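**Student:** A single structure is presented below for examination.
The values are calculated or read from the model by the stated rules, or taken from the named source; none is laboratory data. Fair warning: this is a prediction, and the values are worked out from it, not measured in the lab. So basically every Cβ, Gly included, is an ideal-geometry build from the backbone, and we count neighbours across all protein chains shown.
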Ligand SMILES: Cc1ncc(COP(=O)(O)O)c(C=O)c1O
């Protein structure tokens, strides 16, 4: 039986086990230790960040980020609608209300003009959001500059959810480094992984120190256990930080491999009727974490679900593009500014197998299977 071709699986390099073994040999089997410190420093060097706190997940990082900028019950938080649910769940953890913003067609990320208009309208009504969560989707940076300008105009902190965009660039900078706080994920399907893990970064040393404090049960500096605030158990294990150090060493290779996957798909499929690829915006470089296409069923002769189903029968895993959050039952009562573009991308969009450990033979197998679905 042939092995399944999966969407995005972990791809371990040569050094991870060495770092993990070192953690075992030195008995640093704890959510603190030399690998955690080194991983934070090496992560900062890799992406040009100033300060970082290694955490147990990207979701934990977002939760702390929102708390650090002061989000409270009764606040509104603006958030991209085309994203994974983890971008918005922490808004609810804090009792606040998400307001979703549609994407543009250029990058599939938050439309800067829509954000600007929505903020102007809120300002007229006299109630501004407490923060903006900007997601960088599928390995591509959003158009950060105009978004930052819109936020700065009203002094609203920008939180960058760069969980899917490690290794990407925006005008030669790394997404995640330009807002008040940036967050990353090292979940098993991400471009590099620690099995589970996350990072919170900021230019503000005090914010990152406070993130570490909150992530270790908000323990006050006393010899006994003293607490004057509610905290969380959100630090990354020293063992997993060891995996992260090894993975950072191969980040560039992983980006190159995923971009190569994209170019193979693009060469073979972009001329098929009704197939379009997620565009790469001119301001930066995408990692192509996932290669995403849209299918126009009238031109292609088959719709997204039929293609997904047919590929599944050949053990090829694909996924619809994220179902926008404003269409999720759990957020049915939340406001969305537009949303039609995100909805269209969900209805027609498909993510193809994109792992950096796929072979060219795997990719050509996916290409052939897609070509067979085309009935025009
Ligand atoms: C856009 C986005 N935000 C947040 C997260 C949450 O990260 P984690 O799974 O590490 O909690 C993910 C991925 O899982 C994601 O894709």
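**Student:** Quick one: count up the residues across the stretch 190-221 that are within 14 Å of the ligand (Cβ to nearest atom) and closer than 11 Å to residue 61 by Cβ.
**Tutor:** Qualifying residue count for the region: 5.
**Student:** Quickly run through the stretch 79-103 and pick out the residues that are in contact with a helix residue (DSSP H, G or I) (Cβ under 7 Å, 6 or more places away or on another chain) and in a loop (DSSP other than H, G, I, E, B).
**Tutor:** If the condition is that a residue be in contact with a helix residue (DSSP H, G or I) (Cβ under 7 Å, 6 or more places away or on another chain) and in a loop (DSSP other than H, G, I, E, B), then 81, 82, 83, 88, 94, 102 are the ones that fit.
**Student:** Please go through the stretch 180-189 and pick out each residue that is more than 10 Å from the ligand (Cβ to nearest atom) and not in a loop (DSSP other than H, G, I, E, B).
**Tutor:** 181, 182
**Student:** Evaluate the stretch 228-250: report whether one residue or more is in a strand (DSSP E or B) and more than 15 Å from the ligand (Cβ to nearest atom).
**Tutor:** Among the residues of the stretch 228-250, not one is in a strand (DSSP E or B) and more than 15 Å from the ligand (Cβ to nearest atom), which makes the answer no.
**Student:** Let me ask something else. Being farther than 24 Å from residue 157 by Cα and more than 16 Å from the ligand (Cβ to nearest atom) narrows it down to one of 47, 29, so name that one.
**Tutor:** Criteria check complete, one pass: 29.
**Student:** In the stretch 274-376, which strands (runs of 3 or more DSSP E) lie fully inside it and hold 3 or more residues that are crowded, with 21+ Cβ neighbours inside 10 Å?
**Tutor:** 291-295, 349-352
For (1) buried (at least 20 other Cβ atoms within 10 Å of the Cβ); (2) farther than 21 Å from residue 8 by Cβ; (3) in the same structural domain as residue 45 (by TED's automatic domain parsing); (4) modelled with pLDDT under 95, each residue gets a yes or a no:
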site	(1), (2), (3), (4)
216	no, yes, yes, no
227	no, yes, yes, no
230	no, yes, yes, no
235	yes, yes, yes, no
241	yes, yes, yes, no
244	yes, no, yes, no
264	no, no, no, no
270	no, yes, no, no
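**Student:** Here is a further query. Across the stretch 164-179, what is the total count of residues that are away from the ligand (no atom under 16 Å from the Cβ) and closer than 25 Å to residue 243 by Cβ?
**Tutor:** The number of residues fulfilling the criteria is 2.
**Student:** Now for a different question. Out of 68, 94, 64, 119, I need the residue that is more than 29 Å from residue 292 (Cα to Cα), surrounded by fewer than 24 Cβ atoms within 10 Å (Cβ to Cβ) and within 16 Å of the ligand (Cβ to nearest atom). Which one?
**Tutor:** 94
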